[in-house]
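The values are calculated or read from the model by the stated rules, or taken from the named source; none is laboratory data. These numbers come from a predicted model, not from an experiment. Every residue, glycine as well, gets a Cβ built from its backbone with ideal geometry; the counts of neighbours run over all protein chains shown.
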Amino acid sequence: MSTDTTTPARPAPIEDTDASWPAMLNEWAGDLWRRLHRSRDSDDWPPEWLIPAAGAAGVLLVALLLYGLVLPLLRWAGRLAIDTVDGGFDWLRDWNLTRIVLDPVRDYLTTHSAGLPIDAETLWWTWCAAGVALFLLATFWRAVAARLGWVLFGAATTEMVWATTTGPARTTTAGITVLWWITLSLFALRRPWTQQRVTVHLPELPWLAGILQRRE
């Protein structure tokens with residue numbers, strides 16, 4: 001009886017001809033996935049390297065978010081705040097917006113003060129003091145008479161600016177006057193913050209009272 005002692009021929013190894021980095025990354029990911037599945041069937045799960053790797057991945061993700069999203073947003077917000085503050089200081093330094101309203105009113109009072117027992121300068125400061133007083137009384141004391149006076153004061157100021165300004169700028173100056181008055185009215189004519197409680201008394205219902213008495 002003869003035995004066959006020849007060894008079976010081994011298959012020739014398959015050469016990997018794709019040496020690009022996407023193929024290598026795919027092969028590495030597949031090998032890592034197979035190792036994870038083999039480790040889950042044993043008692044050594046989770047492996048010791050999994051928690052540090054997850055922590056490192058989380059730190060890397062947070063760093064990428066901070067670098068790619070949060071830091072540009074903070075830089076944009078900082079530039080916007082600086083530009084806003086700079087523009088606000090420029091606006092406060094420029095008194096031409098207030099002169100658009102104050103100069104026509106002063107010219108109107110100077111022109112129409114003839115025949116009065118006071119001069120135009122006193123009339124001008126009286127008008128300014130009346131406006132400040134009405135604004136403070138309407139804002140802090142919320143007096144009804146002060147609020148009505150503030151409305152009339154704004155209407156009269158707009159009329160003075162309209163009557164004094166000539167040419168195409170008349171509509172613009174009147175509009176800026178109304179804008180100033182509306183801005184100040186946000187404080188002078190605001191509603192109180194306290195909520196009012198309304199109590200409603202319902203009429204007595206005899207049939208409901210009878211049901212309640214029978215239940216007792």
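The table for this structure:
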read-out: Check on W124, touching a helix residue (DSSP H, G or I) at 6+ places or on another chain (Cβ under 7 Å), over 17 Å from L189 (Cα atoms) and without any contact (Cβ under 8 Å) to a residue 60 or more places away in the chain; value: yes
read-out: Residue that is modelled with the highest pLDDT, among those in the range 151-171 that are exposed (fewer than 12 other Cβ atoms within 10 Å of the Cβ) and not small (G, A, S); value: L152
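Residue-by-condition table, conditions (1) of a type in the set (A, V, I, L, M, F, W, C); (2) free of Cβ contacts under 8 Å to residues at least 24 places away in the same chain:
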position: L136; (1), (2): yes, yes
position: T139; (1), (2): no, no
position: R142; (1), (2): no, no
position: G154; (1), (2): no, no
position: T157; (1), (2): no, no
position: G167; (1), (2): no, yes
position: T171; (1), (2): no, yes
position: W180; (1), (2): yes, no
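Here is a yes/no grid of residues against (1) assigned to a loop (DSSP other than H, G, I, E, B); (2) surrounded by 12 or more Cβ atoms within 10 Å (Cβ to Cβ); (3) at pLDDT 95 or above:
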residue: A53; (1), (2), (3): no, no, no
residue: A63; (1), (2), (3): no, no, no
residue: D83; (1), (2), (3): no, no, no
residue: W91; (1), (2), (3): no, no, no
residue: I118; (1), (2), (3): yes, no, no
residue: A146; (1), (2), (3): no, yes, no
